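Asks: Below is a structure I'd like to ask you about.
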Amino acid sequence: MFARINAHHHQLAYITNDLDQAMKLFERTYQTPGFFVFTNAGTHAANADEPQLRIALANVNGVEIELIEPVGGRDALFREVLPHSPGLHVVFHHVAIRIDGPLENWHAHAASIDTDTHKIVFHGEMGDMLRYFYTDERAHIGHYVEHVWMSPDLLGQMHEAVPRFPPPLS
């Protein structure tokens with residue numbers, strides 16, 4: 001999305017009103033290899049003013065699939081795309097680009113973003129393990145873009161936890 005050194009396409013993300021049913025849909029219809037499920041309560045969601053989300057991750061051919069169910073707090077950024085009609089909804093929300101390398105690469109990437117053109121609408125961090133922000137690109141390309149950096153330790157943990165297709169060689 002953004003032509004930057006150390007920035008790589010990482011993820012396609014969808015918002016749903018029923019995470020369990022959405023996972024079944026992706027597994028059944030798109031042969032997604034299962035999901036790693038968690039809530040963001042361990043990061044910033046302990047604060048009721050922050051969005052509280054249930055998240056499911058899978059990796060298909062090197063691209064992460066993220067399903068997000070907004071469950072409380074200030075989750076309008078995620079909830080706003082969902083229709084108000086009955087039934088299961090799964091709606092495209094954002095792509096993510098991952099910044100590789102040391103934390104300095106993240107700082108250089110963040111400093112390179114023209115925030116007048118690419119307004120930051122949500123951001124967070126988890127110590128020295130994770131940094132992210134979302135830019136609102138809806139007026140230009142119809143969706144948000146998440147910019148994310150993970151420490152090598154966290155990236156390794158995610159690589160081990162998130163189901164992959166094809167599966168890693170033993």
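Asks: Restricting attention to region 74-87, does a residue exist that is among the aliphatic types (A, V, I, L, M), over 15 Å from the mean Cα position of the chain (by Cα) and closer than 25 Å to Q157 by Cα?
Replies: Looking through region 74-87, none of the residues is among the aliphatic types (A, V, I, L, M), over 15 Å from the mean Cα position of the chain (by Cα) and closer than 25 Å to Q157 by Cα.
Asks: Would region 68-86 turn up any residue that is at pLDDT 95 or above, closer than 21 Å to M129 by Cα and of a type in the set (F, W, Y)?
Replies: Taking every residue of region 68-86 in turn, none turns out to be at pLDDT 95 or above, closer than 21 Å to M129 by Cα and of a type in the set (F, W, Y).
Asks: Collect the residues in region 101-138 that are of a type in the set (D, E) and crowded, with 16+ Cβ neighbours inside 10 Å, keeping them in residue-number order.
Replies: Initial filter on region 101-138 (of a type in the set (D, E)): 104, 114, 116, 125, 128, 136-137.
Across region 101-138, the qualifying residues are D136, E137.
Asks: List the pairs whose first member sits in region 123-143 and is among the acidic types (D, E), whose second member is at pLDDT 95 or above and not in a loop (DSSP other than H, G, I, E, B), and whose Cβ atoms are under 7 Å apart, counting only residues at least 6 apart or on separate chains?
Replies: Between residues of region 123-143 that are among the acidic types (D, E) and residues that are at pLDDT 95 or above and not in a loop (DSSP other than H, G, I, E, B), the close pairs are E125/R131; D128/L103; D136/V121; D136/Y144; E137/Y144; E137/V145.
Asks: Contact list please: Cβ distance under 8 Å, first residue in region 64-77 and among the aromatic types (F, W, Y), second residue modelled with pLDDT of 95 or more and in a loop (DSSP other than H, G, I, E, B), pairs at least six apart or on different chains.
Replies: none
Asks: Of the conditions (1) surrounded by 19 or more Cβ atoms within 10 Å (Cβ to Cβ); (2) touching a residue at least 60 places away in the same chain (Cβ under 8 Å), R4 clears all except one; give me its number.
Replies: Condition not satisfied by R4: (1).
Asks: Can we say M158 is surrounded by 14 or more Cβ atoms within 10 Å (Cβ to Cβ), within 23 Å of L77 (Cβ to Cβ) and modelled with pLDDT under 95? Spell out how you get there, then give the answer.
Replies: Details: surrounded by 14 or more Cβ atoms within 10 Å (Cβ to Cβ): yes; within 23 Å of L77 (Cβ to Cβ): yes; modelled with pLDDT under 95: no.
When the stated conditions are applied, M158 does not pass them.
Asks: Test G101 against the stated conditions and say whether it is modelled with pLDDT of 95 or more, part of a loop (DSSP other than H, G, I, E, B), closer than 21 Å to L130 by Cα and over 14 Å from the mean Cα position of the chain (by Cα).
Replies: Details: modelled with pLDDT of 95 or more: yes; part of a loop (DSSP other than H, G, I, E, B): yes; closer than 21 Å to L130 by Cα: yes; over 14 Å from the mean Cα position of the chain (by Cα): yes.
Answer is yes for this residue.
Asks: Sticking with this one: I want to confirm something. Restricting to region 1-58 and keeping residues that are at pLDDT 95 or above and among the basic types (K, R), which single residue is farthest from the chain's Cα centre (by Cα)?
Replies: R28
The values are calculated or read from the model by the stated rules, or taken from the named source; none is laboratory data. Being a predicted model, the structure only gives us computed values, none of them experimental. Note that we place each Cβ from the backbone using ideal geometry, even for glycine, and neighbour counts take in every protein chain shown.
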